[in-house]
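Beneath this line is the structure, given in structure tokens, with notes to follow.
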Amino acid sequence: MLEIGLTGGIGSGKTRVADMFAARGAALIDTDLLAHEITAPGGAAIGPLVAAFGPGCLRPDGAMDRDAMRALVFSDPTAKATLEGITHPLIRSLTESRAAAVRAGGQHPYLIYVVPLLVESGSWRARVGRVLVVDCQEETQIARVMARNGFTRAQALAIMARQATRAARLAVADDVIDNDGPPEALAPQVARLDAKYRQHAG
Ligand code: ADP
């Protein structure tokens, strides 16, 4: 089965594009959603997180306190390594079991992994047959993130500064979707790649 890694900077339109592929029949595995799943109340990461960071790392509902952990790891590289040492293997194994189910199910022509930090993470590139980058100008990213998340320009820029550059992502792309235009401009690009991926898969 053809397996594709879809990536792009924050606000580039990954989620929107991935949903359009899913509407055409692609199987989707979104690693951000898996990260939320394992850190939700009762999730697989919760026990190890409490053991490592104490009960203060949870919200009253029992989910990981994302804001508190983000603040902690921002200023403490050891805490970041500990957090990633807990979450990354769980996300990896959940990704693998979901992918195995997709392959065994035989319901989908191809599989798309949505991986925000694919270019940054190294191991991902070797795990997929193709890399699809959703691309737009940095000013477009900034405007979308400010509108969607209510961030200031400085907050948007700070997140982007921790991600790969646009050039670094484009350098590893096998396929590129240009998402600087209006949403209507996506459909023909998605249709063309869907046809291509079905050919690859068949
Ligand atoms: P990502 O998953 O890469 O962070 P999203 O798909 O969530 O990006 O898109 C970021 C924001 O920009 C969302 O609010 C989305 O609805 C909006 N958006 C995405 N593509 C377009 C577009 N072509 N035109 C206008 N808004 C868009």
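The values are calculated or read from the model by the stated rules, or taken from the named source; none is laboratory data. Because the structure is a prediction, the values reported are computed rather than measured. Because the Cβ atoms are built from the backbone with ideal geometry, glycine has one as well, and the counts that use them run over all protein chains shown. Ligands, DNA and RNA are stripped out before the accessible areas are found, and what is left, the full protein with its side chains, is counted by its heavy atoms. Shrake-Rupley method; radii C 1.70, N 1.55, O 1.52, S 1.80 Å.
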So which of G62, G25, G11, G5 is within 16 Å of the ligand (Cβ to nearest atom), open to solvent by less than 50 Å² (accessible area, probe 1.4 Å) and part of a loop (DSSP other than H, G, I, E, B)? G11
Do you know which residues across region 191-202 are modelled with pLDDT under 95 and open to solvent by 50 Å² or more (accessible area, probe 1.4 Å)? Q199, H200, G202
Among residues belonging to region 101-154 that are more than 20 Å from A22 (Cα to Cα) and in contact with a Leu (Cβ under 8 Å, 6 or more places away or on another chain), point out the one that is farthest from the ligand (Cβ to nearest atom). R125
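Each row is one residue, and each column tells you yes or no for (1) among the small types (G, A, S); (2) under 21 Å from T31 (Cβ atoms).
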site: I142; (1), (2): no, no
site: N149; (1), (2): no, yes
site: L157; (1), (2): no, no
site: R166; (1), (2): no, yes
site: D175; (1), (2): no, yes
site: A185; (1), (2): yes, no
site: Y197; (1), (2): no, yes
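Within region 74-190, which helices (runs of 4 or more DSSP H) (wholly inside it) include 3 or more residues that are open to solvent by less than 70 Å² (accessible area, probe 1.4 Å)? Let's see the steps before the verdict.
Numbers: elements: 77-105, 118-121, 123-127, 138-149, 153-161, 166-172.
Those helices (runs of 4 or more DSSP H) span 77-105, 118-121, 138-149, 153-161, 166-172.
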Answer residue from region 50-59, given it is among the hydrophobic types (A, V, I, L, M, F, W, C) and in a helix (DSSP H, G or I) and is surrounded by the fewest Cβ atoms within 10 Å (Cβ to Cβ) among those: A51
Mind listing whichever residues of region 28-49 are within 17 Å of P89 (Cβ to Cβ), hydrophobic (A, V, I, L, M, F, W, C) and open to solvent by less than 60 Å² (accessible area, probe 1.4 Å)? I29, L34, A35, I38, A45, I46, L49
